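The values are calculated or read from the model by the stated rules, or taken from the named source; none is laboratory data. Bear in mind that the values here come from a model prediction, so they are computed numbers and not experimental data. Neighbour counts are summed over all protein chains in view; Cβ atoms, including those assigned to glycine, are modelled from backbone coordinates with ideal geometry.
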Amino acid sequence: MRRIVATFYEGVAEDEVLRPLYPEEDLGPAEERFLLFLVQYWGGPTTYSDTRGHPRLRMRHAPFAVTPEARDHWLTHFRAGLDAVDLTPEQDAQFWEYVTHAAQFMVNTLE
């Protein structure tokens, strides 16, 4: 999971659409939060909720303009993360299905 998230954030760091959505200069804390969320979502320890409360993904992303373009960039970097690890086709499909639905759910503006 760590490799997926690290690869994702390597892409985000250089992305002209996504990088401005991250207010922190250092992406390390965001990377760690995302890792903890994914670990918890996929059945690992509840460290994310224990430290940050219920995920409430849409609420946490509401202050940011998440456009269809941003969604597509996000998915591109997540796809790179999945491609960086050795998942079975079934695991890959299950992960991809989740993130594509989650990414669409985060879209909150068309502009």
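Per-structure values
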read-out: All positions within segment 2-34 that are assigned to a helix (DSSP H, G or I) and acidic (Asp, Glu); value: 10, 31, 32
read-out: Of the criteria (1) out of contact with any His (no Cβ under 7 Å at 6 or more places or on another chain); (2) in contact (Cβ under 8 Å) with a residue 40 or more places away in the chain; (3) in a loop (DSSP other than H, G, I, E, B); (4) surrounded by fewer than 16 Cβ atoms within 10 Å (Cβ to Cβ), which one residue 69 fails; value: (3)
read-out: Sole residue being aromatic (Phe, Trp, Tyr), in a helix (DSSP H, G or I) and modelled with pLDDT under 95, chosen from 78, 95, 37, 64; value: 37
read-out: Residue list for segment 8-47, filter: surrounded by 18 or more Cβ atoms within 10 Å (Cβ to Cβ) and closer than 18 Å to residue 98 by Cα; value: 8, 34, 35, 36, 37, 38
read-out: Residue count for segment 11-31, restricted to those that are touching a residue at least 60 places away in the same chain (Cβ under 8 Å) and under 12 Å from the mean Cα position of the chain (by Cα); value: 2
read-out: Verdict on residue 31 being out of contact with any helix residue (DSSP H, G or I) (no Cβ under 7 Å at 6 or more places or on another chain) and not aliphatic (A, V, I, L, M); value: no
